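Data first, discussion second: the structure below is written as structure tokens.
The values are calculated or read from the model by the stated rules, or taken from the named source; none is laboratory data. This structure is a prediction, so every number in the text was calculated from the model and none was measured. Ideal geometry is used to build each Cβ from the backbone, glycine not excepted, and the neighbour counts take in all protein chains shown.
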Amino acid sequence: MARLPRLVVAQQPHHILQQGNNRQPIFCDSDDFAAFLGWLRDAARQFKVAVHAYVLMSNHFHLLATPADEEGLGRMMQWVGRHYVPYFNRKHGHVGTLWQGRFKASVIEAPRYLLTCYRYLDTNPVRVGLATSAAQYPWSSCAHHIGSRIDPLITDHPLYWSLGNTPFEREAQYTALLEQELPPEQIALLNAALLKGWVLGDPAFQQSLAQQVNRRVAPAKRGRPRKEPAPSAIAPHPQ
């Protein structure tokens, strides 16, 4: 079966993953992380993509972002690659492709899963043992969300602002959310949707989006459709 084109929907948040080829490092030192974030910030502004959260790991990165149009997300990622990959290859003597294929993306139903995705990204270093708390890791959006520093890359989503009426209230509420461990089933849902490129949302949201984009946005139900019994096999209705 042919692979469906990547689904990008304007004005909807997307969970994005880009990995290093063969799981090789794509960031080797603090200058690499900083250079990448600088180009990402420039590209997000140029192509009108609001980045709400991010985490950069040694061999992959995650973003949570909302594009203004259907073209912006792909153009942003392509522009960053055109600048960062030659920089990395020259600096580290690397030859060939840096990324493992095209980036993966999953549309997120904001009311149900957006803040879960925020937490998934900001706590990723803790889950893999790189930090004992999300706030300790320097290459994520966590510091911005808890009020430790202002990150010029970040555009806060309205649902983040709904956490409180003041910056202090929002930051305190988000800090409290980070202290709650993400349920494994939520992590599994985010991962499964991202790796397959499916929309993450309830059935009504998926159906509405499928009608909007005129394509399948969730996995088909397994098994063959149930056959209706032949007329002769239907028992007479009791009188």
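Which numbered condition trips up ALA10, out of (1) touching a residue at least 60 places away in the same chain (Cβ under 8 Å); (2) over 21 Å from ASP156 (Cβ atoms)?
(2)
Among (1) without any contact (Cβ under 8 Å) to a residue 24 or more places away in the chain; (2) under 23 Å from ASP151 (Cα atoms), there is one condition VAL80 misses while meeting the rest; what is its number?
Against the list (1) without any contact (Cβ under 8 Å) to a residue 24 or more places away in the chain; (2) under 23 Å from ASP151 (Cα atoms), VAL80 comes up short only on (1).
Does LEU115 fit the bill of being part of a loop (DSSP other than H, G, I, E, B) and among the hydrophobic types (A, V, I, L, M, F, W, C)?
Here the answer is no, as LEU115 does not meet what is asked.
Being at pLDDT 95 or above and crowded, with 20+ Cβ neighbours inside 10 Å narrows it down to one residue among PRO86, PRO67; which is it?
Sole residue among the options that is at pLDDT 95 or above and crowded, with 20+ Cβ neighbours inside 10 Å: PRO67.
The rows are residues; the columns are (1) surrounded by 17 or more Cβ atoms within 10 Å (Cβ to Cβ); (2) free of Cβ contacts under 8 Å to residues at least 24 places away in the same chain; (3) farther than 24 Å from LEU130 by Cβ.
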{"residue": "HIS62", "(1), (2), (3)": "yes, no, no"}
{"residue": "LYS91", "(1), (2), (3)": "no, no, no"}
{"residue": "GLY96", "(1), (2), (3)": "no, no, yes"}
{"residue": "ILE108", "(1), (2), (3)": "yes, no, yes"}
{"residue": "THR116", "(1), (2), (3)": "yes, no, no"}
